[in-house]
Amino acid sequence: MSSATINTELAAVPATSAEDDRATAGIVYAYTASAAFWLLVGSAYGTLAACKLVWPDLLPFEWLSFGRIRPIHTASVLLGWLSVGLTGIAYLVVYRTARRALFSNALAHAGLWLLNLALAAGLVTLSLGMTRGPVEYREWLTPIAAVFAAGSLINGANIFVTLLRRRTEELYIADWFILGSFTWLPILYVIGYLPAFDRGIGNVVIQAYYMHVVLGMWFTPLVLGITYWALPRMLHKPIYSYALGVLAFWANLVFYPLIGAHHFVFAPLPWWLQTTAIAIGIGMMIPVVASSGNFLLTMNGSWRMIRREPAVWFIAVGAASYLAASLQGSLQAFRSANALLHFTNHTVGHAHFAAYGFVSFLLFGAVYGLVPRITGAQDAPVRIRLHFWLALGGMALYVVAMVVAGVLQGMSWADGRPFIDSVIASAPWYAVRAAGGGLMTLGHVVFAWNLWLMRPQPRRAEVWVSPGLEAAR
Amino acid sequence: MIGLNALFHRRPEAIVVIGAAVFGALSFLIALRPALDLNAAAAARPSSEPDAAVARGRALYLAEGCGYCHSQFVRPLFIDAAYGRASEAADYADAAPPLLGTERAGPDLSNVGIRQPSVMWNLLHLFNPRSMVPESVMPGFPWYFEIVDRQRAGDGAGDDVLALPEPFLPAGKVALPRREALDLVAYLQSLRQE
């Protein structure tokens, strides 16, 4: 689409008003600020947990015990930082692509209150040891999870109705991914909490499904959708291939739900279930290459501009990490590799490569690239660069340390040495990991500072909307 | 195909309905139905009469998140041979939730009741793992113990009195397990996959 057609479209379609802009900026900023808060909380807990594996007697308090803070870390960063932050940016993408005010600003604020309420209640109850057990990402007691689900349902409905009432003719691919995410989350959340599967080996099937599908049918499509909108905006050019985006959407939907059982290879689960998961993991490379390649090829030809735009650096790393982490995950599921690497820190490294290098980096990029456009307050690129290098350096240390520790652990076990040898072999790498986590946390402090500077500026927003668009309304 | 393409580009409800239908069907095939079938097929092992201390201990094991670092899942692989026989579906039939786990920052505990039968070793290890295994990175659980003067505890002579040198305990002090510590040990002792 040339810039001429974009301009014609803008002129032809009645735009949203300055007042709508202000209301949406308030919503988007409230979400991203909450997300940054939970990122700081989650980073503090994560870094503390990493330090406890180096100095196990550090802060020996009940509510800071490793087994209690680990689920607080994962809930804060996954359900807090990522879910809340992605939802906020999704509201912005929907607002822009629908060219219409959100169906209800009040509902958007109510949704955020519910999410924050659940996150705070989850933090307190997990600190007290109130948990459903070490069942990853569904540790919260059912009533707390229900509050979170209610918030997500409200947000999904709000987004859906906004898109129904859109002023544009066509539904952009970003909206497909966003609509899909908000459709799939409630389904998998309900399955994860069904009381019928609280016990027995069936619980393991549900656990494998839930812990993987929440990544692949919630975080992945949501962040991809946002990037399909953010990246072309930031580079002032269309996406490399719209059709590849459509392919990625359908391939992700057909393949991703099937691969969860690769978390329990060699478990007393049906062999076909494990083999399906492992084989379809290779099929996942289709949507992964389609989207990550699409983003990188969109950037191709704009490198000179990108050198001056640190916000895009985050997206470049995010797209590359998506490809690399997915390949790592698919290969790690092979039975031969899994026998050696399962139960080791290699998995922890993979999880952070995916959730941080891929999803978080794309979200950082989208926040830096999109939030100033609606709040009217730009941040100094020098601090974005600082955040970028801290985040990238921290992640590199973290992932390398965990991959190396994982291989050492696996080799120690395969050699039949006493278990404690694998702990001793991991020890220096635990220290490197803690240092990496510390760098990431420092980067998040810079991010919070940056976000504060990008807070909505009421005066500038008025100047911002062109009088021509106001008149066209 | 043009019709389909237009449908998904014009109608958000098409994305939601088709997306939910495909995802729901796949979820049923890959998760719900296998889970139902497996639970129906797996007969529980005839277990000894339920022990209240073991049940309380298991609840504490969940609350303290022990299962994040300790698996209870022995694979049919030579790497896992040291932990005993491979786990079977029946081993988990009564477990709510089953604690297979995904990580071994610490060793597998499927058989720890046989491997580590000493109550005192387990108590000392829970109080501070470094007292038994210097290189261990496991957290201690001192809040499940009471630290008292050695004299008050009868000069450290009782069965349940933890007498440890400094730095684990201040000089002249001993640790007495609270009920929670004994419950946790009872649970660990019950883990036998014979």
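Worth pointing out:
- Seen against the Cα atoms of chain A and their longest principal axis, helix A:3-12 is set at about 70 degrees.
- Reference-scaled alpha-carbon Rg (2.2 N^0.38 Å with N residues) for the range B:1-44: 1.81
- Excluding exposed DSSP-loop trypsin sites (Lys or Arg not before Pro) (at most 15 other C-beta within 10 Å), longest clean stretch of chain B: B:1-84
- Helix axis angle, A:83-98 relative to chain A longest principal axis, alpha carbon, degrees: 30
- Shape index of the range A:1-160: Rg/Rh, with Rg the Cα radius of gyration and Rh the Kirkwood radius from the inverse mean 1/r over Cα pairs, equals 1.12.
- Note on the range B:48-190: Rg/Rh from C-alpha atoms, Kirkwood Rh, equals 1.00.
- Surface/4 of the Cα convex hull for the range A:96-207, nm²: 8.0
- Translational diffusion of the range B:7-112 was estimated from the Stokes-Einstein equation, with Rh taken as the Kirkwood radius over Cα pairs; at 25 °C and 0.890 mPa s the coefficient is 144 µm²/s.
- Globularity index of the range A:248-359 is 1.21 (Cα radius of gyration / 2.2 N^0.38 Å, N = number of residues).
- For the range A:344-446, the fraction of alpha-carbon pairs in successive 5 Å shells from zero, as %: 3, 13, 19, 19, 14, 11, 8, 6, 4, 3, 2, 1, 0
- Value of [θ]222 nm, deg cm²/dmol, for chain B, DSSP H segments ≥ 4, -39500 (n - 2.57) each, nearest 500: -11000 deg cm²/dmol
- Reported to the nearest whole Å, the Cα centre-to-centre distance from the range B:110-153 to the range A:215-251 is 53.
- Remark on chain A: hydrodynamic radius 22.9 angstrom, per the Kirkwood mean of 1/r across alpha carbon pairs.
- Angle of helix A:202-214 to the longest C-alpha principal axis of chain A, folded into 0 to 90 degrees and rounded to 10: 40°.
- Alpha-carbon Debye profile of the range A:300-349, log10 I(q)/I(0) at 0.23, 0.27, 0.28 Å⁻¹: -0.81, -0.98, -1.02
Readers should treat all values here as calculations from the given coordinates under stated rules, not as data from a laboratory. The shown structure was predicted, so the numbers you read here are calculated from the model rather than taken from an experiment. Cβ atoms come from the backbone with ideal geometry, glycine included; neighbour counts cover every protein chain shown.
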